[in-house]
Amino acid sequence: MSRSAALILSLAVALPSAALARTYHVAQQHAQASDESPGTAEAPWKTLAKAADALGPGDTVVVHAGVYREQVKPRRSGTRWRPITYRAARGDTVVVTGADLVTDWMREENAVWRKNNWTHTFPTHPNDKKHRLVGRCEQVIADGRLLEQVEALAEMKPGTFCADTQRKVLFVWLTDGGDPNQHAMEASVRGVCFGHGWGTEQRHHIRLQGFTFRHAANMAQRGTLYIQGNHWRVEDCTVERTNGNGISFRGDHITFRRVRSRHNGQQGMGGGGSHFLLEDVVFEQNNVKGFAKGWEAGGIKITHARDGIVRRCTAIANDGVGIWFDIDVRDVVVEQCLCRDNAGHGIFVEISGGFTIRNNLCVHNGTDDDWGAGGIGIAESDHCTIENNTCVLNPTGISIREQGPRTFKGVDGTQVSYHVHDTTIRRNIMALNTRYQFGLWSDNVFFGPHPSANVGSRGTPYDPDEGGIVLDRNLYWSEGKAKLALWGVPWRKKHKEYADLALWQAKRNQDAFSKFARPRFVYPKASNWRLMPHSPGSELGVGPLKPPAGTDPMAHD
């Protein structure tokens with residue numbers, strides 16, 4: 001066969017395949033909507049489930065306004081050149097919810113009402129004493145607002161609900177003491193809104209655009225948007241008010257752009273994989289149920305991952321860490337992010353390495369004031385570069401913790417061991433932090449025995465002066481009782497505190513070209529942390545060289 005004939009044959013095979021890529025419509029409010037319809041704009045499908053079952057590579061479904069009470073399980077994967085796309089119609093509000101409407105309430109006593117034959121049961125996770133109630137998955141929503149869950153009928157008060165799974169009864173006591181039959185009442189009955197959930201089934205090359213996901217009865221560490229597979233792209237979506245994790249992802253080449261995850265019970269997002277990208281993602285006020293913050297709670301936690309970028313993301317007022325990387329995460333860039341008012345670290349790297357953290361603004365994090373909490377925290381991690389960041393009003397500006405070596409199962413399933421070494425901290429602004437501008441929180445036997453007898457003198461005596469930790473060309477400033485630097489945790493006898501830069505330079509052989517001076521910020525009261533002209537930091541080149549997310553005034557003149 002000639003080359004031209006082969007080309008004609010290949011085109012003949014390819015063209016019918018391309019012609020099968022179609023655009024369908026789902027519009028539950030349309031008068032002609034039916035899953036028996038052809039799925040056209042004039043005769044759309046009624047459910048997303050129908051679309052998920054029908055779509056093939058290259059297909060797109062446009063979803064029109066409505067509240068879709070279903071779990072969407074894509075039946076097929078797309079391909080590299082022909083992804084499957086789920087897209088909200090332009091200008092329409094499309095909500096996929098894990099909650100159903102609940103009617104036919106009966107009065108129990110006084111202001112308490114009951115729904116009989118309540119057969120929905122969910123696992124509790126975690127299931128320890130602290131999380132006996134927090135770890136439950138039920139949600140009840142009255143007129144769009146979540147009620148507070150209590151364990152027993154006897155504990156009920158206005159604004160609460162109780163799910164008695166033994167008696168199969170759901171109890172509510174509305175805030176106004178009224179009849180729930182006169183209110184819009186919903187209860188979460190599905191743990192996943194989009195995806196197959198916590199099994200092994202994977203889908204690849206899926207795109208999501210413009211959806212809101214909410215009110216799922218999902219457990220901690222399990223997202224209501226549950227991604228398993230490679231080459232997903234999620235854009236312009238909101239995930240909110242889920243019981244557990246807003247979004248979970250596990251796979252390679254996964255992208256999130258302009259996504260907002262907020263007011264979720266445990267966490268905004270969690271996941272791992274390789275070649276991930278987060279751009280302009282917002283994590284706001286997550287962990288509303290009060291999960292243990294040292295375990296996993298707050299904005300986002302990524303584990304067992306490689307080669308990622310987190311760019312122009314925002315973590316605000318999360319009850320936990322803002323942006324957290326934990327257990328064998330390597331070769332990640334975190335840049336131009338804003339972390340503000342988080343209970344834990346703003347940015348935290350733990351048991352990982354190879355990070356570049358640059359051009360970020362971390363303000364007033366560590367509001368719980370736990371030991372070592374900082375704007376940026378590095379713990380038992382190696383080969384990190386922290387540069388051109390501004391860290392202000394945190395307990396510690398930039399914090400390094402050493403409790404190593406710490407050994408865990410890594411990405412490939414083998415054991416990996418981490419401790420702090422080969423870390424460079426340069427051209428940062430560390431100012432107005434309330435304890436230390438820089439802190440080496442080394443809870444390590446090198447600094448003497450631990451005061452607790454059960455800890456004793458265990459561990460490896462790492463000398464941080466020999467660990468390749470380098471600080472230089474930073475701008476420091478402290479006021480009141482705050483110190484310049486900490487070297488070793490305060491409860492070990494050999495620790496040192498430094499209030500004077502010259503002494504720090506002489507004793508520690510660090511920060512030879514750094515300065516201790518008032519930074520001269522433009523207008524801190526308006527959160528403008530840009531440096532004024534002729535600031536002492538100008539010749540050092542300190543602070544973000546590109547504006548962090550949501551901080552246009554940060555741009556340098």
Check your understanding: Looking only at the range 463-473, which residues are touching a strand residue (DSSP E or B) at 6+ places or on another chain (Cβ under 6 Å) and in a loop (DSSP other than H, G, I, E, B)?
Key -> 467, 468, 473
Check your understanding: Taking residue 225, is it buried (at least 23 other Cβ atoms within 10 Å of the Cβ) and within 19 Å of residue 321 (Cα to Cα)?
Key -> no
Point to revise | Checking residue 107 against (1) under 25 Å from residue 205 (Cβ atoms); (2) surrounded by fewer than 16 Cβ atoms within 10 Å (Cβ to Cβ), the condition it does not meet | key: (1)
Exercise for review: Answer yes if at least one residue in the range 83-102 is more than 19 Å from residue 207 (Cα to Cα), part of a loop (DSSP other than H, G, I, E, B), more than 28 Å from the chain's Cα centre (by Cα) and at pLDDT 95 or above, and no otherwise.
Suggested key: yes
Point to revise | Matching residues in the range 1-31 - criterion: being polar (S, T, N, Q), modelled with pLDDT under 95 and under 30 Å from residue 90 (Cβ atoms) | key: 17
Study note, to complete from the structure: When every residue in the range 480-509 that is in a loop (DSSP other than H, G, I, E, B) and under 33 Å from the mean Cα position of the chain (by Cα) is compared, the one farthest from residue 537 (Cα to Cα) is 491
Check your understanding: Just to be sure, is residue 422 part of a loop (DSSP other than H, G, I, E, B) and without any contact (Cβ under 8 Å) to a residue 60 or more places away in the chain?
Key -> no
**Study point:** Condition broken by residue 438, with the remaining ones in (1) crowded, with 22+ Cβ neighbours inside 10 Å; (2) in contact (Cβ under 8 Å) with a residue 60 or more places away in the chain satisfied
**Key:** (2)
Review point. Among the listed residues 291, 348, 283, 325, which satisfies the condition of being under 15 Å from the mean Cα position of the chain (by Cα), part of a loop (DSSP other than H, G, I, E, B), closer than 18 Å to residue 221 by Cβ and not aliphatic (A, V, I, L, M)?
Key: 291
Check your understanding: Would a scan of the range 456-463 turn up a residue that is in the same structural domain as residue 529 (by TED's automatic domain parsing) and closer than 22 Å to residue 527 by Cβ?
Key -> no
**Study point:** Hits in the range 390-414 (condition: touching a residue at least 12 places away in the same chain (Cβ under 8 Å) and of a type in the set (Asp, Glu))
**Key:** 402
**Study point:** Enumerated strands (runs of 3 or more DSSP E) restricted to the range 127-233, each holding at least 1 residues that are modelled with pLDDT under 95 and more than 30 Å from residue 82 (Cα to Cα)
**Key:** none
Check your understanding: From 177, 159, which residue is in contact with a strand residue (DSSP E or B) (Cβ under 7 Å, 6 or more places away or on another chain) and at positive phi?
Key -> 159
Check your understanding: Here are some residues: 460, 385, 424. Which one is modelled with pLDDT under 95, of a type in the set (Ser, Thr, Tyr) and surrounded by fewer than 20 Cβ atoms within 10 Å (Cβ to Cβ)?
Key -> 460
Review point. What do you reckon, is residue 377 in contact (Cβ under 8 Å) with a residue 60 or more places away in the chain, assigned to a strand (DSSP E or B), of a type outside the set (Ser, Thr, Tyr) and buried (at least 20 other Cβ atoms within 10 Å of the Cβ)?
Key: no
Practice item. Answer yes if at least one residue in the range 497-509 is touching a strand residue (DSSP E or B) at 6+ places or on another chain (Cβ under 9 Å), of a type in the set (Lys, Arg) and free of Cβ contacts under 8 Å to residues at least 40 places away in the same chain, and no otherwise. Key: yes
Exercise for review: Return a yes/no flag: does the range 540-553 have any residue that is more than 20 Å from residue 360 (Cβ to Cβ), surrounded by fewer than 18 Cβ atoms within 10 Å (Cβ to Cβ), out of contact with any helix residue (DSSP H, G or I) (no Cβ under 8 Å at 6 or more places or on another chain) and not small (Gly, Ala, Ser).
Suggested key: no
**Study point:** Residue within the range 283-293 that is of a type in the set (Phe, Trp, Tyr), touching a residue at least 12 places away in the same chain (Cβ under 8 Å) and surrounded by fewer than 18 Cβ atoms within 10 Å (Cβ to Cβ) present
**Key:** no
Check your understanding: Across the range 510-533, which residue is farthest from residue 339 (Cα to Cα) among those that are in a loop (DSSP other than H, G, I, E, B) and polar (S, T, N, Q)?
Key -> 510
Exercise for review: Check the range 383-400 and report whether any residue there is among the aliphatic types (A, V, I, L, M), in contact with a Ser or Thr (Cβ under 9 Å, 6 or more places away or on another chain) and assigned to a loop (DSSP other than H, G, I, E, B).
Suggested key: yes
**Study point:** Answer from 493, 507, 515 - the residue that is in contact with a helix residue (DSSP H, G or I) (Cβ under 8 Å, 6 or more places away or on another chain), of a type outside the set (A, V, I, L, M) and surrounded by fewer than 16 Cβ atoms within 10 Å (Cβ to Cβ)
**Key:** 493
**Study point:** Selection status of residue 80, surrounded by fewer than 19 Cβ atoms within 10 Å (Cβ to Cβ) and within 15 Å of residue 206 (Cβ to Cβ)
**Key:** yes
Exercise for review: State whether one or more residues within the range 154-168 are surrounded by 13 or more Cβ atoms within 10 Å (Cβ to Cβ) and in contact with a Lys or Arg (Cβ under 6 Å, 6 or more places away or on another chain).
Suggested key: no
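The values are calculated or read from the model by the stated rules, or taken from the named source; none is laboratory data. Keep in mind that this is a model prediction, so the values were computed, not measured. Heads up, the Cβs are rebuilt from the backbone with ideal geometry, glycines too, and the neighbour counts pull from every protein chain shown.
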